[in-house]
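Participant: Here's a structure for you.
The values are calculated or read from the model by the stated rules, or taken from the named source; none is laboratory data. The structure presented is a predicted model; accordingly, all values stated were derived computationally and were not measured. FYI the Cβ positions are ideal-geometry reconstructions off the backbone, even for glycines, and counts take in every protein chain you see.
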Amino acid sequence: MPDEALDALRATKGGRFLDCTLGGSGHTQLLLEANPNNVVVSVDRDESAVVRANHRLAKWIEASRLTLVHAAFAEVLRFCERESFHGVLADFGLSSDQLSGDRGFSFLTDSALDMRMDRSEDYSAASVVNELSERELTVVLKRGGVGSLAKAIARAVVRARPIASTAQLARTIEEATPMRLRRAGFHPATVPFQAIRMEVNQELDQIEQLLDAVPELVVSQGRFVAITFHSGEDKLVAQRMRRWESGETPPAMWRERRPSPQGRGGDIHHGTRAERVAAGESVGRVVTRKPLVPSEKEVEMNPRSRSARLRVFEFA
Ligand SMILES: C[S@@+](CC[C@H](N)C(=O)[O-])C[C@H]1O[C@@H](n2cnc3c(N)ncnc32)[C@H](O)[C@@H]1O
């Protein structure tokens, strides 16, 4: 949904932008082209995305309009210290380069069980599949959206150990899926593979850490745009945006909540925006009451986009 994202970020007006998910550099390039004064910082924890963009976007790097950073969301505040942006974009999930390569993300190509976005990490799909207990594996699969079959799949995987390849894993999952629960045109390994990938890269935890950092990164009237592909990711984004707007704090934060002299929603603010979030103040408004979804034409051209949800928040 590149047009919707660029519109939401008001990229043609000119400004500084942070693209947290460089990937194949599509959004970064559009941001740079939207206005000749735009300056972009683009981040990816996958070093090969950064290396490719270094070649592909060399002219903008030379013009000092683009900085590429190899880092994970969890580190974003550290390297953006004292920088703020008119727009921050996060387009979660996998890039086409990752999916079509031989890095174990897809069962369509037989390869070693890997699935690490950052290949300097030790924890891989082989660790998840061959080392977790049946119980831990069930939790991983459930958290990633595998419903009632999570237990049966975890048991089948543990029995089939050692599992060495994506094809062997996909076969094991398929055999553990009763015929009556198989859907035409949808491989039974699709959701379990996604769940294992999310565990390998600790994706939900990474998103939480990015959401913690975002209020500190965006200027007043600036926007945060998030595109998700998984209901678990979308839920995290939607809940956080609602909380930023309403000022309500999550239960775990109640104990630490410091009373503000103006009360909730008071219009005199002290401290950083993160402190105001923690104190239960509203820091802006949700622009998208309902998430934007791709048009039928976009889904036809790119079937992978069918589960995309785009949400926008504007900071006050
Ligand atoms: C869907 S792709 C982005 C595609 C990109 N918007 C484009 O136009 O080509 C998501 C990218 O985010 C990266 N990514 C995912 N989680 C990350 C994290 N926690 N920290 C940094 N990068 C991450 C992935 O490595 C992947 O390259």
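Participant: What residue, of 234, 205, is crowded, with 18+ Cβ neighbours inside 10 Å, acidic (Asp, Glu) and either modelled with pLDDT of 95 or more or touching a helix residue (DSSP H, G or I) at 6+ places or on another chain (Cβ under 8 Å) (or both)?
Facilitator: It is 234.
Participant: Report the residue count in segment 169-217 for those that are closer than 20 Å to residue 234 by Cβ and not acidic (Asp, Glu). Show your work before the answer.
Facilitator: Start the filter on segment 169-217 by keeping residues that are closer than 20 Å to residue 234 by Cβ, which leaves 186, 190-199, 201-215.
Now narrow it down to the ones that are not acidic (Asp, Glu): 186, 190-198, 201-202, 204, 206-207, 209-211, 213-215.
The total comes to 21.
Participant: Mind checking which residues of segment 46-95 are touching a residue at least 12 places away in the same chain (Cβ under 8 Å) and among the acidic types (Asp, Glu)?
Facilitator: 46, 47, 83, 91
Participant: On to the next question. Any residue at all in segment 105-113 that is aromatic (Phe, Trp, Tyr), more than 13 Å from the ligand (Cβ to nearest atom), buried (at least 16 other Cβ atoms within 10 Å of the Cβ) and not in a helix (DSSP H, G or I)?
Facilitator: Yes; the residues of segment 105-113 include at least one that is aromatic (Phe, Trp, Tyr), more than 13 Å from the ligand (Cβ to nearest atom), buried (at least 16 other Cβ atoms within 10 Å of the Cβ) and not in a helix (DSSP H, G or I).
Participant: Of 10, 16, which residue is more than 15 Å from the ligand (Cβ to nearest atom), at pLDDT 95 or above and under 26 Å from residue 293 (Cβ atoms)?
Facilitator: Exactly one residue qualifies, and that residue is 10.
Participant: While we're looking at this one, here's another question. Quickly run through segment 117-127 and pick out the residues that are within 16 Å of the ligand (Cβ to nearest atom) and either among the small types (Gly, Ala, Ser) or crowded, with 22+ Cβ neighbours inside 10 Å (or both).
Facilitator: 117, 120, 124, 125
Participant: Please enumerate the residues belonging to segment 46-59 that are more than 12 Å from the ligand (Cβ to nearest atom) and of a type in the set (Gly, Ala, Ser).
Facilitator: 58
Participant: Which of the residues belonging to segment 17-51 are under 21 Å from residue 71 (Cβ atoms) and surrounded by fewer than 19 Cβ atoms within 10 Å (Cβ to Cβ)?
Facilitator: The answer is 24, 26, 47, 48, 50, 51.
Participant: Out of the residues in segment 84-96 meeting the condition of being not acidic (Asp, Glu) and not in a loop (DSSP other than H, G, I, E, B), tell me which one is surrounded by the fewest Cβ atoms within 10 Å (Cβ to Cβ).
Facilitator: For segment 84-96, the residue satisfying everything is 96.
Participant: Let me ask you something else. With 83, 33, 62, 75 as the choices, which residue is more than 9 Å from the ligand (Cβ to nearest atom) and closer than 16 Å to residue 213 by Cβ?
Facilitator: Just one listed residue meets the conditions, 83.
Participant: Moving to a separate point now. Out of everything in segment 131-154 that is over 20 Å from residue 103 (Cα atoms) and in contact (Cβ under 8 Å) with a residue 60 or more places away in the chain, what residue ends up being surrounded by the most Cβ atoms within 10 Å (Cβ to Cβ)?
Facilitator: 145
Participant: Across segment 179-201, what is the total count of residues that are in a loop (DSSP other than H, G, I, E, B) and touching a residue at least 60 places away in the same chain (Cβ under 8 Å)?
Facilitator: 3
Participant: Suppose the filter is assigned to a helix (DSSP H, G or I) and β-branched (Val, Ile, Thr); does residue 225 pass it?
Facilitator: So residue 225 fails the test.
Participant: Specify which of the listed residues (214, 218, 225, 157) is farther than 24 Å from residue 114 by Cβ, surrounded by 22 or more Cβ atoms within 10 Å (Cβ to Cβ) and more than 16 Å from the ligand (Cβ to nearest atom).
Facilitator: Being farther than 24 Å from residue 114 by Cβ, surrounded by 22 or more Cβ atoms within 10 Å (Cβ to Cβ) and more than 16 Å from the ligand (Cβ to nearest atom) holds for just one of 214, 218, 225, 157, which is 218.
Participant: Do any strands (runs of 3 or more DSSP E) lying entirely in segment 1-83 carry at least 3 residues that are in contact with a His (Cβ under 7 Å, 6 or more places away or on another chain), and which ones are they?
Facilitator: Because the criterion is at least 3 residues that are in contact with a His (Cβ under 7 Å, 6 or more places away or on another chain), the strands (runs of 3 or more DSSP E) in segment 1-83 that meet it are 16-19.
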